[in-house]
Structure formats: structure tokens, C-alpha cells
1. Non-local amide H neighbours of HIS368 (under 5 Å, H modeled in plane, Pro and chain starts lacking H): which ones?
2. Using modelled amide H (1.01 Å from N, peptide plane; none on Pro or chain starts), what sits under 5 Å from the amide H of ASP108, excluding residues fewer than 5 places away?
3. Taking a probe of 1.4 angstrom, what is the accessible area of HIS368 in Å², to the nearest 10?
4. Evaluate the distance, in nm, between pseudo-label points positioned 7 Å from the Cα of SER654 and of VAL245 along their respective Cα→Cβ axes.
5. With a Förster radius of 45 Å, plug the Cβ-Cβ distance of SER319 and THR443 into 1/(1 + (r/R0)^6) and report the FRET value to the nearest 0.05.
6. Among 29-42, 461-474, what's the highest-first ranking by average C-beta atoms within 10 angstrom per residue?
7. Whole-Hz ³J(HN,Hα) for each residue in the range 67-81, computed from phi via Karplus 6.51 cos²θ - 1.76 cosθ + 1.60 with θ = phi - 60°, x for glycine and proline: what do you get?
8. If you stretched the chain out fully between ASP31 and THR179, how much longer would it get, using 0.36 nm times the residue separation minus the C-alpha to C-alpha distance?
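The values are calculated or read from the model by the stated rules, or taken from the named source; none is laboratory data. Remember, predicted model here, so these are calculated numbers, not experimental data. Every residue, glycine as well, gets a Cβ built from its backbone with ideal geometry; the counts of neighbours run over all protein chains shown. Accessible surface areas use protein heavy atoms only, side chains included; no ligands, DNA or RNA. Shrake-Rupley method; radii C 1.70, N 1.55, O 1.52, S 1.80 Å.
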Amino acid sequence: MPEMGFVGPSYEAPSIYQDAQECINFRPEIDPLKQPGTRGIVALYPTPGLTTKVNLLNQQQVRGMRTVSGGQQMVAVCGPYVYVLSSNLTPAIVGQLNTSTGNVGITDNGVNVYIVDGAYRYTWRINTPTTASFYGSISGTTLTVTQVLNGTIAIGQALNGTGLSNETIITAGSGLSWTVNISQTVASTQIFAANTIAFTGAIANVTVGAVTYYNLTVSSSTTLYLGQTIYGSGVTLQTMITQIVTAGSSYYVNLSQTITSRTMYALNFTVIPSTDGAFTGGNNVDIVDNYFIYNNPNTQQFAASDALSPITQPLSFASKDGAPDDLVSLIVDHREIYLLGENSSEVWTDVGTFPFPFQRIPGTSTQHGIASVFSVARLGNSFAYVSRNIRGQGQVVQMNGYMPQRISTHAVEQTLVNQYIDDAIAYTYQLEGHECYVVTFPTLDLTWVYDATTQMWHKWLWCDNNNVYHRHRSNCSASFQGMVLVGDYENGQIYELDPENYTDNGQKIRRLRRAPHLVTDFQRQYFDELQIQFQPGVGTTGLSQTAATGFIASPYIIYPNATFTVPPNATIILGFQSAISEQTTTTLPQAMLRWSNDGGSTWSNEHWVGIGQQGKYKNRAIWRRLGQARDRVFEVVVTDPVKMVIVSANLKASGAEN
């Protein structure tokens, strides 16, 4: 029995006796030049590792990320805080949300970033996020600065940082002692100061025809922008510019008030007030023809902002009305809005009508809804999502025109049967020519990946120190500055998906491949030899620890002809589990083989074989005298932080008298 079909995707059938294949932290790759049935037509490559690029200050869930139009800034939401990352990945807090958990929707129109978190909507006018950064604390209205990191602190700057209130502004002071406008208590933290637009203005009600407006007049020519928050002594909180009457001199705001002439400030981050549009919140947001499109949670409604503006008019909304189910999520594709409901979907397009510019396209309704708001992600020339309809749930589909097509397998769907999947989250990344739809089910602690290039599925899992698999660390993604970046679901770290890093930020990656059943008419077979063709020569030379002090796991095996050196004055502690870095020496990477003789119900002990030291390109990983069985399943695991590639496997077996 030569080539045995060892390499392949994840496919564990509802009964493991039909198929028990697993592919965890490997991704199949197809060689298009090889003929079907030849060795190595499909190989298994390691999934990318995680390399930390940014540690966000508050160390909470990274809820969403987006590269801003122009490619020089990236917005990330971590806990309640909105960060803007510069092109060199330096983060600055620019605002604060009213919520701290759950994924958020983010988009931009080149002028404003727009964020929705379910209950609220927010906007940030794209600009330089910070002009000064320093460490300080606030007691009452007194800001005490302990260390200036960069820039110059000045009156009129808006302050952001962990624990600070929105709309905090410096109103007086100098040197290391300043006065802010909002009384609060903030322990020492890093604070980011951003310039505001300072001006002298007044607010009064004006009547035009039968309509009363709230007019902000500016005494000197000062350019203000739609969606900016206005702050000044006596000005009502969440006062926002809603209309430009005469640029530089007259603007309308959203709240009625009478404010005499005084110094005011226009801020760039705004919590959009409840007076905007027909409803307050939004679960998901996208952009089409310069309109922000967002939905009203738990209803059929969705709305559109003004063009190139974060402002929404009261009548600029409509309902997904082709079926009675609520609208769950939406996405714009080919300049058309796909409205994904609980059990159905429909498509709308821009026809230029007023007050709402969109209408439903006849004949675009489908009988597939979406199971989770954030399971939708772009894929190829369309998008994919986890579907739900009146007949059931749990298929992953990709939109083909106006019709969804199933891309999940029975094995994927089996893991979702009778499970809670309403919290599924998805994103897509493209790396090494592979475009992958990554869908995580937090309640199930499970991450599946669909490779659109090979049309195969694999599992992508994080492994703890007890060798227990969990969902992957990534929670959201953005392509920024030539890197695919992902945000961690709990600790505020932003990683690069790094194909040259074979750890998850220092944590070992446990890669597993379980092969198909080996059955010959259920006749007894003797297995003489199994050879798995790994890419050889990937180990590093020497077993010596480079650090002065190290921790090594127990048991620790020193292999024949290898050395383990304890440097002078060093302490090596046996028995502690330690994180693995990219530089960790791995002299003889090991493959751990076990097998089942009853179709996958029970398993043998592990049998270890070396893959090959660095430069040993003729090394062969061979196991011999493997016993006999009528139904044999082989499984191999590798954990060493090296480039583990499985090209093929060969088996020598013989029949026996039965």
C-alpha cells in the first residue's frame, strides 16, 4: 500500500466509523501541476502563527478593526476605547464608547469613521489623532502631569485615556498642573491630547417658515464640520453640528438652548445623540455611494445617513418588508445593500429618491437568513455567512449573485447541530495566495476556516498548557501596512498573522492530522511500516539554552548524539511549563504518532520519531512494527515551533489469514 491518502481536510462525520478525519492547525494546499493520484498533490502546511505588534492599554477584548481610507491609519475598538493606530502602529485613544463588550461595526467614508455597537452610534472626524501624550492623574478638575512623552500640552485640547470621561477638555493651566472641564477621579494613566477647533460662538433659536432651528453663530470665520460635538461653558452635553448654513459663520445644532457669546470648542469624536435619525443604535454598518447604512436592532428597519456625512435625517429610513422576520445584519456588495434577516434576505439599491434613496430590487428575495450579526464577511467576489431559515440553521453559505450557495460540509454542520450559534463572528484574511473565511463560535469554543482557494475546511485552534484546544485567539481582522492584523478576544493585543512564526505569540501550536480509515474488506492487516514525509532539516542545531535561566517541561528528553548544555551560573528548572518564543531552540523536532484499531473509539500510546535536525535533509520519519487491525486510523501530532509540512505518507502492510 504506497500513497495512503494521509493528507486531507477536516471531516469528522456524524459517525466516526464513516469518517474520522481531523486537520487542526494545518491547512491543505493543492499543487495544480501534479496529476490526480500522484504523491504530494495535496500537502499540509502550518497555519500562520501570531506575532504581537501592539499592546493596547486597557487589555480587554478587541471588538473591531478597520483600515481607514488612504491606508495610513487603522481604527481599533478595545473594550470601551476607540484607538487610532498610525502607520508605524503607534496607538492613541481618540474616544470612548458607552459599551465595553461585544463586536462592533466600523466603516468610513474618507471624512468620518462611523462605529455602531448595538445600542449607540459614534463618529470620529478623520484627522491627526493626537498632538501630545503624557502620564497624569485627575482629581476633581485638577490634572497633574507626571511625565510628558511627546508633544505640547495646551488649553483647549481634548483628553482621552483609560478612565477619562468623554468630552474632557483642558480649560486652564500651564506646566504640570492644568484644569479640566469635567470633575472626575482618574488614577495615573497615559493620556492622549488632541487639538480641538476653538472659536467664539453663540447659540440661539431661529424660525424659518414654520420650523425652529438651533443656530450656532461663529464670530470669526471658523470652519466647523458635520457631526462635531460642541463644548463650551453652559452648552448642553451631546450638542452636535447637524447642518452647515453658511460655512465659517452659521451652523445648526441638534439641541435647543440659548448660549451667549463665549469660547467654545469643536471636538472630533462624537457619541451620536438620540435626536439623530429615526432611531438610536445599530448592529452593523457599511458604506455605499457615500451613505452610511445601518440597521435598527430587533426591528426590520435600516437607515441611511446624508451623503458624505454622519448625520441622518428623521425620515431617511425604510424596512426590510419582503418577509415579516426582523433584519439581523447587512452588507454592501457591488453597490447593492444585502439585508439579511432572521429567515430571509432581500437586496436594495440606490435609485436617488428622497427622503430615502434606496428601493428593493424585485426578484432578489431568498429563503435564507443569517444566524449571527457578525458571521458575515467578504469572500472572493461576494460574501459568506452562517445561515438560518424556517427549516433549520447552521449551514455556511456564500452569496452567488442573489442566491446563497452552501459551502460548508456535513462535518462542519455536525459540530453546529443543536448548538447556540447566535454569537458567531467571522472575518476573512488573504495570505500566501489563500483567501480564508474564519468563523468562530465563542460558546462552542471552536474556530473553523474555509479556504476558498482549495475549497477545503480546517480547524484553527489555540492550545493551552494542558493540551486542551480552544477557539482561536483572533476576534477581528484588518489588512494594514502590508500586514494581516488580528485582535485578541480578551487581552487587548493586536497580532500579525505571521507564516514565519510557528507559535501563537510564544504559546505552542499543537498541530494534528488524523487520517482516513484503513480497511480492506474488514480483513486483518499487519502494518509493517509507516513513513510520513515531513519537510526535513527544519530543526535547529544544539540543545543548549541561550538564556541564563530557563524553564523546561517535564519530562525533558535528550536524544542520542544530542547535548544539553547548562551555561555557567545558569539555573535550569525542570517541571515548569514555559512559553515558547520564535527563538526557542528545538534541536530534534518530534512527531507523535498514535493509532486506533477500532475505528477511532480508543487509542494507543504515543510513539515519537524525530523529523530531522537542521540541515539533515535526508531524514525520514518512520515507524515500524505497528501491529495489526481490521480498521486502523492513524493520527500524528507535532508541537515543535518549526516549519511542519506534511507532503505525503507511505504505508507497508500485508494481509493475514482471517
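1. The list, which skips near neighbours in sequence, is SER345.
2. Excluding prolines and chain starts, which carry no amide H, the hits are TYR114.
3. Answer for HIS368: close to 40 Å² accessible.
4. Rounded to a tenth, the inter-label distance reads 9.9 nm.
5. 0.90
6. 461-474, 29-42
7. Here the 3J(HN,Hα) series is 7, 6, 3, x, x, 9, 9, 10, 9, 9, 10, 10, x, x, 9 Hz.
8. Details: separation 148, 0.36 × 148 = 53.28 nm, distance 6.60 nm.
46.7 nm is the gain from fully extending ASP31 to THR179.
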